Amino acid sequence: MGTCYSHIDFKERFKLFDLAKAGILSIDEIARMLGRHRSTIYREISRNYHNDVYTEFRGWFP
């Protein structure tokens with residue numbers, strides 16, 4: 001258990017949102033740009049994904 005984990009901060013969430021919304025980069029590329037491991041990005045998106053009945057409120061939001 002020697003790995004140190006730090007949570008994604010508010011600025012990183014908005015940057016992640018902009019990059020993911022553009023739809024031109026993979027999760028791996030976004031993780032490299034943010035200096036994070038890809039599992040951190042996947043975990044963030046899955047943790048905060050909303051599956052609403054209205055499509056405009058469905059998805060990941062920072």
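The values are calculated or read from the model by the stated rules, or taken from the named source; none is laboratory data. Predicted model, so just to flag it, every value in this text is computed and none were measured. Here Cβ is always computed from backbone atoms with ideal geometry, including for glycine, and neighbour counts include all displayed protein chains. These accessible areas exclude ligands, DNA and RNA; they are computed on the full protein's heavy atoms, side chains included. Shrake-Rupley method; radii C 1.70, N 1.55, O 1.52, S 1.80 Å.
Leaving ligands, DNA and RNA out of it, report the carbon-plus-sulfur percent of the accessible area of the chain at a 1.4 Å probe.
Answer for the chain: carbon and sulfur cover 56 percent of the accessible area.
Restricting to Cα pairs below 8 Å that are 6+ residues apart, what does the relative contact order work out to for the chain? Please round to a whole percent. Write out the running numbers ahead of the final one.
Numbers: 39 pairs, mean separation 16.5, N = 62.
Relative contact order of the chain: 27 percent.
Among all helices in the chain defined by DSSP H, which have a length of 15 Å or more along the axis from Cα atoms plus a Kyte-Doolittle mean of at least -0.5?
Values: long enough: 10-22 (18 Å, -0.28).
For the chain, where a helix must reach 15 Å along its axis and average at least -0.5, the hits are 10-22.
Trypsin sites (Lys or Arg not before Pro) within the chain: which are DSSP loop residues with at most 14 other Cβ atoms inside 10 Å? Each step should come with its number before you reach the end.
Details: sites: Lys11, Arg13, Lys15, Lys21, Arg32, Arg36, Arg38, Arg43, Arg47, Arg58; in loops: Arg36, Arg58.
Answer in residue order: Arg58.
Roll a 1.4 Å probe over the protein chains and send me the accessible area per residue for the chain in Å².
Per-residue accessible area for the chain comes out at 80 Å².
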